[in-house]
Amino acid sequence: MAKEKFTGVKGMNDMLPQDAPIWQHVVSTAVEVLERYGYQEIRTPILENTRVFTRGVGEVTDIVEKEMYSFTDSMNGDQLTLRPECTSAVVRAVNEHNLLYGTTQRLWYWGPMFRHERPQRGRYRQFHQLGAEALGMEGPDVDAEIIMMLARMWKALGVGPVKLEMNTLGAQEERAKHREALIAYFEANKDVLDDDAKRRLYTNPLRILDTKNPDMQALVEAAPKLLDFLGDESRAFLNRLEELVSAAGIEYEINPRLVRGLDYYNHTVFEWITDKLGAQGTICGGGRYDPLVEMLGGKPAPGVGFAMGLERVIELMREVGNVPVRTQTDVYVVHHGGETQKAALLLGESLRDLGVRVIVHPGTASIKSQMKKADGSGAEFVVFATEDEMAEGCVSVKALREHADRTVAFAQQQKVAVSEAARTIAEALAALR
Ligand code: ATP
Ligand code: MG
């Protein structure tokens, strides 16, 4: 009988051990920056009641219309959805636990999100976002500070130059007027609209501006601009944001067509974009969503935040050649089995007591084949706990790699008393770091 083959779900990736260092590095670097700005972690479940997203993200968005993994819980009939984004879930949790009672919140999260899209470079069905939400603060100072924080993160991560585009979605009444003008404009040009646009004409005409259809570019280019409908307050908000971002020395461009895929935004929207990743060049999107807390049943409170796509960020780091190299083993211990194996295991423990990462060769094998494993492990030092050495109460230590800029201890194989071995090796390692 043919063996059954098992594969992962389409568009969902395994993170293999060789990729673990870069994922850990990206998250810990980002978190280190987030903490400098007073953000605290929040974790919400992968599953939410579907209403959290239909209400929070909006019924006529791409996400809710066609990208959500939703199902009925067969045990009790609940309508559930694998989270396609986390802002709605965070706000749901904040409301549920009264986290805005008499205070503000700066929160960050990271984890898998799920969207049923066509898998391609930079677009997956399970992907990972790291994001933050600042809740209960009016802005635009907070909006500007979030942008400063992101600029700092890009620098810390070494993603190379990324472009910041900003826009404003104004206030609700301004958007309503703009919306009327847009509908009138698109009605007058109905013959140019594609099916998607026709469908959105009365539900979400703003989203038509976001079209990727080349045949509609001229049309949307000339469409009425929200900027022309802004009142004094919205203009002042945008001006102050621009002033603060400029003062921090961050370059940006105002892109009047930037609308973002989610319904709940007002005032600030922004994206960070690279030209190094092809069509999926947006590594981070964010903006202000003052209506959301109330929409999800809370007492009205303003909010602003962002989410970055970690797969895209990591691919960009690879593209610019900035992937940290981190070996996984410091010391590899070889032995002759029996009593020498016991000694090897105990030496391993003493080394680990001192913070050293150790592999003790499993099982028994010739010293030659153990040496091959030692070399392949990336370890700096190999330790021989062989019968001859052990008979003398010693092990011997040998450096496995050279360091151009430093002299390395144990460049020549050398004996060390067992009682001294752990401390001596730990010191030799420390000198290389
Ligand atoms: P896009 O226009 O690329 O579909 P979006 O507007 O749907 O993006 P957001 O909902 O704003 O994306 O999510 C924020 C970030 O998450 C994006 O800028 C991107 O980096 C990342 N992202 C979104 N969808 C995916 C996906 N399917 N696969 C990988 N990363 C994604
Ligand atoms: Mg999308």
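Tabulated values for the structure
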{"read-out": "Residue under evaluation residue 235, criteria (1) in contact (Cβ under 8 Å) with a residue 12 or more places away in the chain; (2) outside the structural domain of residue 387 (by TED's automatic domain parsing); (3) away from ligand 2 (no atom under 16 Å from the Cβ), criterion not met", "value": "(1)"}
{"read-out": "Close pairs from segment 55-75: first touching a residue at least 60 places away in the same chain (Cβ under 8 Å), partner part of a loop (DSSP other than H, G, I, E, B) and more than 16 Å from ligand 1 (Cβ to nearest atom), Cβ under 6 Å, at least 6 apart", "value": "56/296; 60/203"}
{"read-out": "Filter result for residue 144 (assigned by TED's automatic domain parsing to the domain that holds residue 300 and either closer than 30 Å to residue 204 by Cβ or surrounded by fewer than 21 Cβ atoms within 10 Å (Cβ to Cβ) (or both))", "value": "yes"}
{"read-out": "Per-region count, segment 107-128, residues within 16 Å of ligand 1 (Cβ to nearest atom) and open to solvent by less than 20 Å² (accessible area, probe 1.4 Å)", "value": "6"}
{"read-out": "Subset tally (residues that are hydroxyl-bearing (Ser, Thr, Tyr), under 27 Å from residue 105 (Cβ atoms) and surrounded by fewer than 15 Cβ atoms within 10 Å (Cβ to Cβ)) for segment 1-38", "value": "1"}
{"read-out": "Meets criteria (crowded, with 21+ Cβ neighbours inside 10 Å and among the hydroxyl-bearing types (Ser, Thr, Tyr)) for residue 88", "value": "yes"}
{"read-out": "Total residues in segment 259-309, condition more than 8 Å from ligand 1 (Cβ to nearest atom), under 18 Å from the mean Cα position of the chain (by Cα) and not in a strand (DSSP E or B)", "value": "4"}
{"read-out": "Enumeration of residues in segment 259-278 that are modelled with pLDDT under 75 and of a type outside the set (Asp, Glu)", "value": "260, 261, 262, 264"}
{"read-out": "Qualifying positions in segment 66-84 - within 12 Å of ligand 1 (Cβ to nearest atom) and open to solvent by 60 Å² or more (accessible area, probe 1.4 Å)", "value": "66"}
{"read-out": "Residues satisfying the stated conditions in segment 399-433, i.e. open to solvent by less than 70 Å² (accessible area, probe 1.4 Å) and of a type in the set (S, T, N, Q)", "value": "424"}
{"read-out": "Condition met for residue 329 (in contact with a strand residue (DSSP E or B) (Cβ under 6 Å, 6 or more places away or on another chain) and open to solvent by less than 60 Å² (accessible area, probe 1.4 Å))", "value": "yes"}
{"read-out": "Scope segment 314-326; condition crowded, with 19+ Cβ neighbours inside 10 Å and touching a His at 6+ places or on another chain (Cβ under 6 Å); matching residues", "value": "none"}
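The values are calculated or read from the model by the stated rules, or taken from the named source; none is laboratory data. In this text the structure is predicted, and so the values were computed from the model without any measurement. Reconstructed Cβ throughout: ideal geometry from the backbone, glycine too, with neighbour counts over all protein chains shown. For the accessible areas, the whole protein counts, side chains as well, though only heavy atoms, and no ligand, DNA or RNA atoms are used. Shrake-Rupley method; radii C 1.70, N 1.55, O 1.52, S 1.80 Å.
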